[in-house]
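**Student:** Provided herewith is a single structure, encoded as structure tokens, for subsequent inquiry.
The values are calculated or read from the model by the stated rules, or taken from the named source; none is laboratory data. Please read these numbers as outputs of a predicted model, since none were measured by experiment. Backbone-built Cβ (ideal geometry, glycine too); neighbour counts: all protein chains shown.
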Amino acid sequence: MPLVKRIIEPRYLCRGALPEGVASELECVTNSTLAAVIKQLGGLSRYAEDIFGELFVEANSFYQRMNSLQDRVDQLAVKVTQLDSTVEEVSLQDINMRKAFRSSTIQDQQVVSRSSILNPVLEMYHRCDKPPPLNILTPYRDDKKDGLKFYTDPSYFFSLWKEKMLQATENKRKEKRRHKVGLSPLPGGPPVHHRTPHVMSACVQEQKQVEESGRQVKKVRKARNRRQEWSLMAYDKELRPDARVTPSPYHTSDGSMSPDR
């Protein structure tokens with residue numbers, strides 16, 4: 001639903017009842033129409049002043065932000081020109097002792113609030129009918145809830161957004177905890193981020209065996225011979241000497257690398 005910010009009154013110039021006892025109806029309609037036109041021009045000039053005032057405030061805010069950004073760029077340019085990569089001016093210990101960077105930039109918050117409401121919208125708000133005084137029934141409620149919030153609640157959408165954000169954060173925390181529990185590293189095994197999908201499945205099976213049997217299951221693997229693997233990979237599949245050279249435990253019968261490595 002679009003919100004009309006400014007309404008120029010009166011919208012209908014010639015509509016209206018003529019007073020009784022008018023000698024010249026045409027002259028009366030002409031005068032009333034002229035008065036309505038003058039009133040429209042007055043409202044239009046007031047709204048034009050309001051619009052240009054808002055533009056001035058926005059332009060002034062943009063000018064201040066650009067000046068602040070230009071000052072920061074100038075300071076950064078001076079610091080960059082003074083840096084010397086061949087000289088170590090700051091030791092590692094001094095870097096660790098420094099405080100963490102904290103930005104001084106103020107983020108815009110509560111953009112849509114009572115303090116930031118526009119003048120025409122505020123005037124329209126004051127012209128609206130007030131809600132019924134249901135708050136006088138609050139002391140008689142057993143749940144101690146505000147009776148007026150059942151009729152109108154300005155904080156409803158904020159509370160709904162906050163509830164969804166908290167639920168999303170809780171879901172991410174549960175998912176991360178479930179991921180850590182399902183892929184916890186085995187004793188003596190490779191880290192989780194170094195495992196291929198096949199190794200991950202094998203590790204999960206080993207972890208299940210450890211949990212079921214109650215003791216650690218150790219699998220002895222043959223030592224890897226990198227030089228032999230690379231020498232075999234230098235040949236084509238048809239020319240690999242699989243029959244004469246002892247195959248590596250990480251190669252398949254056709255001479256290609258095993259998919260789990």
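**Student:** With the structure loaded, tell me whether residue 129 is outside any helix (DSSP H, G or I), surrounded by 10 or more Cβ atoms within 10 Å (Cβ to Cβ) and modelled with pLDDT of 85 or more or whether it fails that test. First the steps, then the outcome.
**Tutor:** Details: outside any helix (DSSP H, G or I): yes; surrounded by 10 or more Cβ atoms within 10 Å (Cβ to Cβ): no; modelled with pLDDT of 85 or more: yes.
No; evaluated as a whole, the condition is false for this residue.
**Student:** Do we have residue 106 as surrounded by 10 or more Cβ atoms within 10 Å (Cβ to Cβ) and not aromatic (Phe, Trp, Tyr) here? I'd like the intermediate steps shown before the answer.
**Tutor:** Working: surrounded by 10 or more Cβ atoms within 10 Å (Cβ to Cβ): no; not aromatic (Phe, Trp, Tyr): yes.
Judged against the criteria, residue 106 is not a match.
**Student:** Suppose we keep only residues that are among the acidic types (Asp, Glu) and either in contact with a strand residue (DSSP E or B) (Cβ under 7 Å, 6 or more places away or on another chain) or assigned to a loop (DSSP other than H, G, I, E, B) (or both) within region 132-164. Which one would you say is farthest from residue 55 (Cα to Cα)?
**Tutor:** Keep residues of region 132-164 that are among the acidic types (Asp, Glu), which gives 142-143, 146, 153, 163.
From what's left, either in contact with a strand residue (DSSP E or B) (Cβ under 7 Å, 6 or more places away or on another chain) or assigned to a loop (DSSP other than H, G, I, E, B) (or both): 142-143, 146, 153.
Numbers: 142: 51, 143: 48, 146: 40, 153: 32 Å.
Within region 132-164, the match that is farthest from residue 55 (Cα to Cα) is 142.
**Student:** Checking residue 23 against (1) surrounded by 10 or more Cβ atoms within 10 Å (Cβ to Cβ); (2) over 24 Å from residue 125 (Cβ atoms); (3) over 32 Å from the mean Cα position of the chain (by Cα), which single condition isn't satisfied?
**Tutor:** Residue 23 satisfies every listed condition except (1).
**Student:** Across region 26-42, what is the total count of residues that are hydroxyl-bearing (Ser, Thr, Tyr) and more than 55 Å from the chain's Cα centre (by Cα)?
**Tutor:** The first filter runs over region 26-42 and keeps only residues hydroxyl-bearing (Ser, Thr, Tyr), leaving 30, 32-33.
When the remaining residues are screened for being more than 55 Å from the chain's Cα centre (by Cα), the result is 30, 32.
Total meeting the criteria: 2.
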